[in-house]
Amino acid sequence: MKHTACKISEAEWQVMKVLWEKSPLTATQIIGCLKPETQWNPKTIHTLIARLVKKEALAVNKDRNLFQYYPLVSKEECMREETKSFLHKVYDGSIHLLVANFVKNESLSPQEIDRLRKLLDEKIN
């Protein structure tokens, strides 16, 4: 997948989720997936698709009269970018403040705490 900064809106995320799940898809197929859960007008979805193509998050195969869209960025890449953006915007880039706030304010099960410990241990080793 192409490496590009993944700055997409919440609505654009919905389109990307459909295409990360299955691609390539036509605009009609994307609309079919999104309309029941979003109630968005097809024109709105076409606009979101066009924005994502312009941002180089999606590309289009123009085969005859059939336009099929597919992601140029992976879900993991976008998640990484969103996490970095959130971390800088809300916690001034401090992962310590993020984790401390999360641990203090969330109910964590013993299993979740164990998984967090294992992740931190793996990071050290």
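The values are calculated or read from the model by the stated rules, or taken from the named source; none is laboratory data. Just so it is clear, the structure is predicted and the values come from calculations on it, not from any experiment. Positions of Cβ are generated from backbone atoms using ideal geometry, with glycine treated the same way; all protein chains shown enter the neighbour counts. These accessible areas exclude ligands, DNA and RNA; they are computed on the full protein's heavy atoms, side chains included. Shrake-Rupley method; radii C 1.70, N 1.55, O 1.52, S 1.80 Å.
Filtering segment 18-39 to residues that are touching a residue at least 24 places away in the same chain (Cβ under 8 Å) and either more than 27 Å from Phe86 (Cα to Cα) or open to solvent by 60 Å² or more (accessible area, probe 1.4 Å) (or both) leaves Ser23, Pro24, Leu25, Thr26, Ala27, Ile30.
Restricting the first member to segment 73-90 and to residues that are without any contact (Cβ under 8 Å) to a residue 12 or more places away in the chain, and the second to residues that are exposed (fewer than 13 other Cβ atoms within 10 Å of the Cβ), the beta-carbon pairs closer than 7 Å and six or more apart or on different chains are Leu87/Gly93; Leu87/Ile95. Mind checking which residues of segment 67-82 are outside any loop (DSSP other than H, G, I, E, B) and open to solvent by less than 80 Å² (accessible area, probe 1.4 Å)? Once the filter is applied, which keeps residues that are outside any loop (DSSP other than H, G, I, E, B) and open to solvent by less than 80 Å² (accessible area, probe 1.4 Å), segment 67-82 yields Gln68, Tyr69, Tyr70, Pro71, Glu77, Cys78, Glu81, Glu82. Among the conditions (1) free of Cβ contacts under 8 Å to residues at least 40 places away in the same chain; (2) exposed (fewer than 13 other Cβ atoms within 10 Å of the Cβ); (3) closer than 29 Å to Val15 by Cβ; (4) not charged (D, E, K, R), the only one that Pro110 does not satisfy is (3).
Among the conditions (1) in the same structural domain as Gly32 (by TED's automatic domain parsing); (2) within 16 Å of the chain's Cα centre (by Cα); (3) among the basic types (Lys, Arg), Arg80 misses just one, which is (1).
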